[in-house]
Amino acid sequence: MLRRLSAAVLVLFATVALADKPAAKDAGVPAAPPKPAAAVTFSEGLSTPESVLYDAETDTYLVGSINGSPLAKDNNGYVSELSPDGKVLAAKFIEGGQKGVTLNAPKGLTLSKGLLYVADIDTVRMFDRKTGEPKGEVKIAGATFVNDVFAAADGKVYVTDSGFKAGKEGFEPSGTDGVYVIEPGKKPKLKTLLKSKALKGPNGIVATADALYVVSYGANELTTLDLAGKKKGEVVTLPTGGLDGLVLVGDTLFVSSWEGKSVSSGRAGGPFSEVFTGLEAPADLGFDSKRNRLLVPRFMGNTVEAWDVK
């Protein structure tokens, strides 16, 4: 999958339409049923959206826009705040290069104890959730593509490094694949849980009381670890690879796949099956627990879609 990504992935792409073209009319041949549509689509002010997060306390959506190359330290990334009905509340709630903010290519987002944590190339940055004011950062030495973050109930923040670097044909493995944890405090502590190429480009991550679930961008695999970073059970194979976003709803995991242009669902031990299809470049998922909606950023389409979950 990595080799098939062209260098154009590192810059903005034109919007990709979701719906199929209408079928040609043919007497006696019934038309194909229309594909289901997203409940709400957001596009205003978004530029290469990689992650979307539902804030239950404020009943809003936070969207991270890379606004350029996922690897460039250009300090022009930003986070938007949207209402669930599609209105823009703050086009650039947090903006790189403004008000002392450094934000290059925001990817995963998570909230913990009043702080918004943002994955940014080789650093996890913290911001005040109410004001957007910078509140520190945690540098991950040697990391090349810090991708997803997830805040557990105890305040610990789990982090993945997908181990990518720029190459002649797009992304190439850098060999830094890893999973980390940030322990909060006046001076947050970073601990390495696992560094291994066997993670195959770890991307989306979810933590429960006794397990970490990690999906691979470089494969169609879901790996389960304990909270110390040791492997638990067998690796689960999903229908397609290029896995990105991961959310847990009850005991069901939802996973986005670039290769499959889809979102699949299943239990931690499998099996998984596709539930939403025809999604070009679905990135880091969010979940609106009030409306029971899966939030899907379309990386190449500069949109975020909210899909009703049955």
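The listed residues are Ala166, Ala153, Ala90, and the only one of them that is part of a strand (DSSP E or B) and either in contact with a strand residue (DSSP E or B) (Cβ under 7 Å, 6 or more places away or on another chain) or at pLDDT 95 or above (or both) turns out to be Ala90.
Looking across region 189-231, the residues that are among the charged types (D, E, K, R) and under 14 Å from Ala152 (Cβ atoms) come down to Lys191, Asp210, Asp226.
Inside region 62-79, residues that are under 15 Å from the mean Cα position of the chain (by Cα) and hydrophobic (A, V, I, L, M, F, W, C) make up a count of 4. Residue-level check: of (1) assigned to a strand (DSSP E or B); (2) buried (at least 18 other Cβ atoms within 10 Å of the Cβ); (3) not basic (Lys, Arg), Glu172 misses just (2). Of all residues in region 106-155, exactly one satisfies the criterion of being loosely packed, with under 15 Cβ neighbours inside 10 Å and of a type in the set (Ser, Thr, Tyr), namely Thr131.
Applying the selection to region 141-160, what residues are in contact (Cβ under 8 Å) with a residue 24 or more places away in the chain and either over 15 Å from Lys107 (Cα atoms) or among the basic types (Lys, Arg) (or both)?
Let us first name the residues in region 141-160 that are in contact (Cβ under 8 Å) with a residue 24 or more places away in the chain, namely 142-153, 155-160.
The answer is Gly142, Ala152, Ala153, Gly155, Lys156.
Could you say which residue among Pro84, Pro34 is at pLDDT 95 or above and not aromatic (Phe, Trp, Tyr)? Full working, then the answer.
Values: Pro34 fails: at pLDDT 95 or above.
That would be Pro84, the only listed residue that is at pLDDT 95 or above and not aromatic (Phe, Trp, Tyr).
Only one of the numbered conditions (1) in a strand (DSSP E or B); (2) surrounded by fewer than 21 Cβ atoms within 10 Å (Cβ to Cβ) is not met by Val263, and that is (2).
For the condition out of contact with any Pro (no Cβ under 6 Å at 6 or more places or on another chain) and either in a loop (DSSP other than H, G, I, E, B) or surrounded by fewer than 19 Cβ atoms within 10 Å (Cβ to Cβ) (or both), Leu103 qualifies.
Examine region 217-230 for a residue that is on the phi > 0 side of the Ramachandran plot and not charged (D, E, K, R), and state whether such a residue exists. Within region 217-230 (the criterion being on the phi > 0 side of the Ramachandran plot and not charged (D, E, K, R)), the answer is yes, since at least one residue qualifies. Exactly one residue out of Gly260, Gly269, Gly233, Gly242 is in contact with an Asp or Glu (Cβ under 6 Å, 6 or more places away or on another chain) and over 14 Å from Ala38 (Cβ atoms): that is Gly242. Do we find a residue being of a type in the set (Lys, Arg), more than 19 Å from the chain's Cα centre (by Cα) and at pLDDT 95 or above anywhere in region 200-214? Scanning region 200-214, I find no residue that is of a type in the set (Lys, Arg), more than 19 Å from the chain's Cα centre (by Cα) and at pLDDT 95 or above, so the answer is no.
The single condition from (1) in a loop (DSSP other than H, G, I, E, B); (2) touching a helix residue (DSSP H, G or I) at 6+ places or on another chain (Cβ under 7 Å); (3) at pLDDT below 95 that Gly185 fails is (2).
Among the residues of region 276-302, those identified as of a type outside the set (Lys, Arg), more than 13 Å from the chain's Cα centre (by Cα) and crowded, with 21+ Cβ neighbours inside 10 Å are Phe276, Leu279, Asp288, Gly301, Asn302. The residues of region 284-310 that are in contact (Cβ under 8 Å) with a residue 60 or more places away in the chain, farther than 17 Å from Leu222 by Cβ and in a loop (DSSP other than H, G, I, E, B), listed by number, are Ser289, Lys290, Arg291, Phe299, Met300, Gly301, Asn302, Val309.
Selection within region 142-198: residues that are closer than 18 Å to Pro70 by Cβ and of a type in the set (S, T, N, Q). The member of this set that is nearest to the chain's Cα centre (by Cα) is Asn147.
The values are calculated or read from the model by the stated rules, or taken from the named source; none is laboratory data. Just so we're clear, the structure is a prediction, and the values are computed from it rather than from any experiment. Note: ideal-geometry Cβ built from the backbone for every residue, glycine included; neighbour counts use all protein chains shown.
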